[in-house]
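Okay, so here's the structure we're looking at.
The values are calculated or read from the model by the stated rules, or taken from the named source; none is laboratory data. Predicted model, so just to flag it, every value in this text is computed and none were measured. Every residue, glycine as well, gets a Cβ built from its backbone with ideal geometry; the counts of neighbours run over all protein chains shown. Calculation scope for accessible area: heavy atoms of the full protein, side chains included, ligands and nucleic acids excluded. Shrake-Rupley method; radii C 1.70, N 1.55, O 1.52, S 1.80 Å.
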Amino acid sequence: MPEAMVASRALDSSSSASTQTVDAAVVGAGFAGLYLLHRLRKAGLSAVLLEEAKDVGGTWYWNRYPGARCDIQTIDYSYSFDPELETAWKWSEKYATQPEILRYLGFVADRYDLRRDIRFGTKVTSATWDQAAQRWQIATDNGAKVSCRHYIMATGCLSAPKPPEIDGVKEFKGEVYFTGRWPHDGVKLAGRRVAVIGTGSSGIQAIPMIAQEAAQLTVFQRTPNFALPAHNGAPPADRLGALEGDRAAYREQARWSLVGVPWPQQTVVSWQLSEAERRERFETAWAAGDLAYILTQLWADQGVDVDGNKIVADLIREKIRGIVEDPETVAALTPHDHPFGAKRPCLDTNYYATYNRPNVTLVNLRQEPVKAITATGITTDKRNFDVDVIVFATGFDAMTGAILAVHPITGRDGKALSDVWANGPQTYLGLTIAGFPNLFMITGPGSPSVLSNMAVSIEQHVDWVVDRIAALRDAGFTTMEATETAQAGWAQHMADCAMLTLHRLANTWYTGANVPGKAQGVMPYTGGVGPYRSICNEVVTRGMLGFRLSGPNIAEQCNDGEVVRLQPDVRLVLGLLAQMNLPPLETMGAQGARDFLNEFNKGRPSGRPVGEVGDGMLQGADGPLPYKLYRPATPGPHPVVVYFHGGGWVLGDQQSDDPFCRDMCRRTGMIFVSVGYRHAPEHRFPAAAEDGYAATRWIADHAAELGGKPGPLLVAGWSAGGNIAAVTCQLVRDRGGPEIAGQLLVCPVTDCSFDRASYIDNAANYFVTRGLMFWFWDLYCSPADRTDPRVSPLRGKLAGLPPAFVATCEFDPLRDEGVAYAEALAAAGVPVEQLKARGHFHSSFTMVDVVITGAPGRIQMAEALRRFAGLPPEVKLPPQRLEAAAS
Ligand code: N01
């Protein structure tokens, strides 16, 4: 839009009445603000948009540095709310330049006649919640105040540039520029000596362009970053074809994907692929030039497991070595301090090759930190660099900076947002804040925002907010506020999600680490775009869960609570199972259920490699039984663990807990012998218990042949296998051996009583149901036998048993009997360690590599077994990971 028109718009607003009264005020005329204005109007709400800049564009208005482009493919980085808009605009490139994106946003503003409600050149100077009026009162530096019912921050996540943090900038006699505030008429760089400080996305896009113009370019790098070639050009025909072939389906897939780009969920994990297959996948991704692709499509564990991630990181390091000629520069450019993807990777055009140019020098600030900026240039510990121009590509006070720095926001009871957020942002869904009624954030901290395709996340947020405001109005409410409970629950869920990915392992602007003194913690929601969307929807379908709604002529409504109490991956697994609408196992008959589970298990990830896996036969109570042996890759002999699988005494076999046995074998450095004990209904009580005892005896007698270390065994089991392990410990105590050094009981069955709270609270919806447990009991054990300690070990004598580690899961019918057993053991003088796994379900620990959040619990189990066996601790883990697994 011409500047003159902008000026006249600003003048109009300044000459208007002293207070402009609207239903909603929006701050920021970028992607989010424009769509908000459109949606608010369509919902019949009056609105004004306040924008500091002189035109629309948001981040694309300010970031005009050379090379600025989007780094999500532009066909994905577009509005999708109006199919006609989609066909009315054609992108010229795979990754559009800043001017083209700015033109697009101008086109959108004009198409929907948005500018008439935008006050350009207007900065908000304060926002205060007026409790009596139930409205926000907004002051600005230009023109009328605004009184609004709803106040919506569409300020963007990366809008407040970070100060330089280097002494002496004011002394510099040359020119200083920030990539995030680049002059509109460009900067003359030709023939000049230019310094660029910073090698994030902005620096990496700008450096190759500046190098082509400048006489000399010196890049000051503090931390090397991973960058991938964009391979820009026309929008790729395959993606365009997919979009144009079925636009609605394409957009819908993006909305439910992990990062807001329609790539499928990867299920293959790195160790299921050969080295050649992994390399082939990587080369395809490298050639694709697509961040969303390489971050999600290589193998399923790349973003959640350090080993799976290292494979990608090493392959990228190899690429850098192949491009950059000078070995010292290669070393400096090679990222070393963070997993790939944990810090925002960059898309580049000739970035690494730029360092082969004779006019480009890289200064490694880790070896020679900047001392100061002087009148003539930059001084490091070792050298002076005289330059004419300094470009700061040093980034932003991300996510909270734009919200907090723009103006003071004062909520209910005079509370300042800056105080409430002093220790880091607290939000409910990243959309609202307790104590700040009717204040909304678009892509705020606590939402997927910067870890997603912003266009998709913005539309979802805007739709949710406007739909809620309209529904509120229609129901007669005027005010909506998140409760403290809901907000605290969201913080817990955020923390749980953060344990899932590797983002916590890097110091980045995602965590606030780039701004000195800023509170630290992973700020964006790491649980994914699709899951987040489903949670927002769930809040609504559960009656605005976590919100207090009020109005002058209507009774207050407060449906308090936490929307997610399950671990994020447990929620996903249970959601998938619910979608499958499987018939209850107990309706299939024993053989039918076995066949079904065999089929079902074929789709699960195979266990990780161990030194050796072998099969054999051992002597059970009434004949031979099969076993599977897992041997560590380390030199033997190893302590031996006798393992009993789960399956309600009816299902499973010696290899049905294969991933768990492999995982525990790797973590403990012990041999696991998984016993194929006899099953009901063919062999009813006490067959399984007696097989457990007999198998343990046999393994003790043959430990040396199996490669085991002489000395006591350990026993372990999950579910009904936990029952058999517990019973075995009682039997060997009473029958004169063999010696057991410790017992690991994972979600064990310990008693025949079904009236404990967990049987009632978790009777349905968490896979193992009350009905299923009844069926198992009926098949295995007649009512008259059920109080026998060989099936209800809680009713047995507990003194003199080996030390125990008892793991129970919050959302498991068996939780309370496991806890009761641990407490009874402790009361009987048995050393006991308990893990009460918050947010987990019965299968959390055995679904290795599906329920990633089960890993810290398995580490604790492994440590316990090592302690029982008298081995030193092996697994080192930051304490917060262990805390997350425990209650
Ligand atoms: O900022 P950054 P950015 N002395 O924070 C260094 C999006 N974006 O503007 O890593 C010396 O990533 C700092 O070093 P270190 C995208 O999401 C998108 O580049 O803190 N160096 C780092 O190298 C991106 O992630 C596009 O050790 C200092 C750099 O400056 C986000 O915006 C394009 C320093 C800052 O990197 C931010 O990117 C551009 C100091 N005092 C940006 N302070 C698209 O393509 C900081 N650094 C869509």
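Values as computed for the structure displayed
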{"quantity": "Residue that is within 27 Å of Pro99 (Cβ to Cβ) and near the ligand (Cβ under 9 Å from one of its atoms), where the choices are Pro183, Pro161", "calculated": "Pro161"}
{"quantity": "Residues of the stretch 139-159 classified as open to solvent by 20 Å² or more (accessible area, probe 1.4 Å) and touching a Phe, Trp or Tyr at 6+ places or on another chain (Cβ under 6 Å), total", "calculated": "1"}
{"quantity": "Subset tally (residues that are within 16 Å of the ligand (Cβ to nearest atom) and touching a residue at least 60 places away in the same chain (Cβ under 8 Å)) for the stretch 33-71", "calculated": "11"}
{"quantity": "When residues of the stretch 426-448 are limited to those that are part of a strand (DSSP E or B) and not aromatic (Phe, Trp, Tyr), the one farthest from Ala132 (Cα to Cα)", "calculated": "Ser447"}
{"quantity": "Subset of the stretch 573-611 (residues that are crowded, with 17+ Cβ neighbours inside 10 Å and either under 21 Å from Ser270 (Cα atoms) or charged (D, E, K, R) (or both))", "calculated": "Val573, Glu586, Arg594, Pro605, Gly607, Arg608, Val610, Gly611"}
{"quantity": "Answer residue from the stretch 501-510, given it is within 11 Å of the ligand (Cβ to nearest atom) and either at pLDDT below 90 or among the hydroxyl-bearing types (Ser, Thr, Tyr) (or both) and is nearest to Thr394 (Cα to Cα) among those", "calculated": "Thr508"}
{"quantity": "Search result, residues across the stretch 372-417 that are more than 26 Å from Thr125 (Cβ to Cβ) and small (Gly, Ala, Ser)", "calculated": "Ala372, Ala375, Gly377, Ala393"}
{"quantity": "Members of the stretch 315-327 that are open to solvent by 60 Å² or more (accessible area, probe 1.4 Å) and not in a helix (DSSP H, G or I)", "calculated": "Glu325, Asp326"}
{"quantity": "Exclusive hit being within 34 Å of the chain's Cα centre (by Cα) and open to solvent by less than 10 Å² (accessible area, probe 1.4 Å), set Gly742, Gly692, Gly708, Gly721", "calculated": "Gly721"}
{"quantity": "Checking Phe685 against (1) open to solvent by 10 Å² or more (accessible area, probe 1.4 Å); (2) touching a Pro at 6+ places or on another chain (Cβ under 8 Å), the condition it does not meet", "calculated": "(2)"}
{"quantity": "The lone exception for Asp569 - which of (1) in a helix (DSSP H, G or I); (2) farther than 30 Å from Phe436 by Cα; (3) open to solvent by 20 Å² or more (accessible area, probe 1.4 Å) it fails", "calculated": "(3)"}
{"quantity": "The stretch 819-835 residues that are modelled with pLDDT of 95 or more, paired with ones that are surrounded by fewer than 18 Cβ atoms within 10 Å (Cβ to Cβ) and part of a helix (DSSP H, G or I) (beta carbon under 9 Å, 6 or more apart)", "calculated": "Val832/Glu823; Val832/Ala826; Glu833/Arg867; Gln834/Val819; Gln834/Glu823; Gln834/Ala826"}
{"quantity": "Hey, Ser147 hydroxyl-bearing (Ser, Thr, Tyr) and over 25 Å from Ala398 (Cβ atoms) or not", "calculated": "yes"}
{"quantity": "Odd one out for Val791 among (1) within 28 Å of Asn581 (Cβ to Cβ); (2) in contact with a helix residue (DSSP H, G or I) (Cβ under 7 Å, 6 or more places away or on another chain); (3) surrounded by 22 or more Cβ atoms within 10 Å (Cβ to Cβ)", "calculated": "(1)"}
{"quantity": "The one condition in (1) part of a helix (DSSP H, G or I); (2) under 18 Å from Thr808 (Cβ atoms) that Gln743 fails to fulfil", "calculated": "(1)"}
{"quantity": "Given (1) buried (at least 20 other Cβ atoms within 10 Å of the Cβ); (2) at pLDDT below 95, index of the condition Leu362 fails", "calculated": "(2)"}
{"quantity": "Only one of Ala434, Ala491, Ala486, Ala498 that is small (Gly, Ala, Ser) and modelled with pLDDT under 95", "calculated": "Ala498"}
{"quantity": "Within the stretch 52-64, considering residues that are open to solvent by less than 10 Å² (accessible area, probe 1.4 Å) and either within 20 Å of Glu459 (Cβ to Cβ) or among the aromatic types (Phe, Trp, Tyr) (or both), the one farthest from the chain's Cα centre (by Cα)", "calculated": "Val56"}
{"quantity": "Residue in the stretch 218-231 that is farthest from the chain's Cα centre (by Cα), counting only those that are away from the ligand (no atom under 11 Å from the Cβ) and part of a loop (DSSP other than H, G, I, E, B)", "calculated": "His231"}
{"quantity": "Answer residue from the stretch 163-193, given it is assigned to a helix (DSSP H, G or I) and in contact (Cβ under 8 Å) with a residue 24 or more places away in the chain and is farthest from the chain's Cα centre (by Cα) among those", "calculated": "Glu171"}
{"quantity": "Tally of residues being of a type in the set (S, T, N, Q) and within 24 Å of Asn438 (Cβ to Cβ) across the stretch 518-556", "calculated": "4"}
{"quantity": "All positions within the stretch 194-217 that are away from the ligand (no atom under 13 Å from the Cβ) and in contact (Cβ under 8 Å) with a residue 12 or more places away in the chain", "calculated": "Val194, Pro208, Ile210, Ala211, Glu213, Ala214, Ala215, Gln216, Leu217"}
{"quantity": "Flag if Val465 is within 23 Å of Asp23 (Cα to Cα), in contact (Cβ under 8 Å) with a residue 12 or more places away in the chain and touching a strand residue (DSSP E or B) at 6+ places or on another chain (Cβ under 9 Å)", "calculated": "yes"}
{"quantity": "Members of the stretch 488-510 found to be among the polar types (S, T, N, Q) and open to solvent by 10 Å² or more (accessible area, probe 1.4 Å), listed by number", "calculated": "Gln492, Thr501, Asn507"}
{"quantity": "Where a residue in the stretch 514-538 is free of Cβ contacts under 8 Å to residues at least 40 places away in the same chain and its partner, wherever it lies, is within 16 Å of the ligand (Cβ to nearest atom) and among the polar types (S, T, N, Q), with Cβ under 6 Å and at least six apart", "calculated": "Val522/Thr511"}
{"quantity": "Qualifying strands (runs of 3 or more DSSP E) (wholly inside the stretch 328-425; at least 3 residues being under 37 Å from the mean Cα position of the chain (by Cα) and within 15 Å of the ligand (Cβ to nearest atom))", "calculated": "346-348, 360-364, 389-392"}
{"quantity": "Selected residue [under 30 Å from Tyr95 (Cα atoms) and open to solvent by less than 20 Å² (accessible area, probe 1.4 Å)] from Ile442, Ile378, Ile373, Ile409", "calculated": "Ile442"}
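Let's see how each residue does on (1) open to solvent by 50 Å² or more (accessible area, probe 1.4 Å); (2) part of a helix (DSSP H, G or I):
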{"position": "Trp271", "(1), (2)": "yes, yes"}
{"position": "Glu280", "(1), (2)": "yes, yes"}
{"position": "Thr284", "(1), (2)": "yes, yes"}
{"position": "Ile294", "(1), (2)": "no, yes"}
{"position": "Leu298", "(1), (2)": "no, no"}
{"position": "Asp301", "(1), (2)": "no, no"}
{"position": "Val304", "(1), (2)": "no, no"}
{"position": "Asn309", "(1), (2)": "no, yes"}
{"position": "Ala313", "(1), (2)": "no, yes"}
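Yes/no per residue for (1) surrounded by fewer than 20 Cβ atoms within 10 Å (Cβ to Cβ); (2) acidic (Asp, Glu); (3) under 30 Å from Met588 (Cβ atoms):
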residue	(1), (2), (3)
Tyr766	no, no, yes
Arg786	yes, no, yes
Pro803	yes, no, no
Cys809	no, no, yes
